[in-house]
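First comes the structure, then the notes that go with it.
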């Protein structure tokens, strides 16, 4: 009798535990598998608190939702300088009191165009107004332990450092302070940016993929799979270059996925569509 009661308890407890795992919300245009990759993350704002942030690159917008998934802000980025002419670039340091001291949302927007060699950094607010722009970009040298960052809190205020193609770097003073939550979110974004989407995509002949090996790793392999998980191609890559030119002349038309594999880890998968 005691064993029967105990069994019933665990059955009921197990059913209740499983019932607590429920789908809360489904966001469209927010997957890193999209081409170009979109993003969905949680950011702790200085006044709004925790919010969901969705970055839709081809849609050219940033959407802010509260924790009940109610849309708070829809930031139109269509007037910004666009990467490759059709998509928004990287969005970093989304905050309210870092680049300005009002209650509006501001963020650092940047891209590096390897085709035109045109670099851009802009700081915008939620209304699309430009607060700052420059041809430098917030690049850092990755090493272990990490010592270099684009933005620092110092005893003399918060400083932003941009790098330029002429070999120079410039320091800018910011009016606000970099909070720990903003720094953690930015570090997460950097860690997810080890592999780009192919461009062009779809591809009929050749395409390019940008890659960045994780810190402490000097070699890796870019591996391509079909939808059945069968390996199609494999390329060895190292730190000599950061872009790989890929020929699809020997690949049948279809959808493929690829990832950067190293001894340390594997990157998130990206999608490539081959047309003939």
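The values are calculated or read from the model by the stated rules, or taken from the named source; none is laboratory data. The shown structure was predicted, so the numbers you read here are calculated from the model rather than taken from an experiment. Virtual Cβ from ideal backbone geometry, glycine too; neighbours counted across all protein chains shown.
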Which condition from (1) modelled with pLDDT under 85; (2) outside any loop (DSSP other than H, G, I, E, B) is the one that residue 165 breaks?
(2)
Considering only the stretch 249-257, I want to know if a residue exists there that is assigned to a loop (DSSP other than H, G, I, E, B), over 25 Å from residue 87 (Cα atoms) and within 21 Å of the chain's Cα centre (by Cα).
no
For the structure I just gave you, tell me whether residue 7 is modelled with pLDDT of 90 or more and either touching a helix residue (DSSP H, G or I) at 6+ places or on another chain (Cβ under 9 Å) or over 30 Å from residue 273 (Cα atoms) (or both).
no
Which residue out of 44, 69 is assigned to a strand (DSSP E or B) and surrounded by fewer than 19 Cβ atoms within 10 Å (Cβ to Cβ)?
44
Give the residue that is modelled with the lowest pLDDT, with candidates limited to residues of the stretch 44-80 that are farther than 14 Å from residue 126 by Cα and under 18 Å from the mean Cα position of the chain (by Cα).
44
Going through the stretch 191-234 one residue at a time, which ones are over 15 Å from residue 270 (Cα atoms) and part of a strand (DSSP E or B)?
206, 219, 220
Can you tell me which residue is surrounded by the fewest Cβ atoms within 10 Å (Cβ to Cβ) among those in the stretch 83-97 that are in contact (Cβ under 8 Å) with a residue 12 or more places away in the chain and part of a loop (DSSP other than H, G, I, E, B)?
86
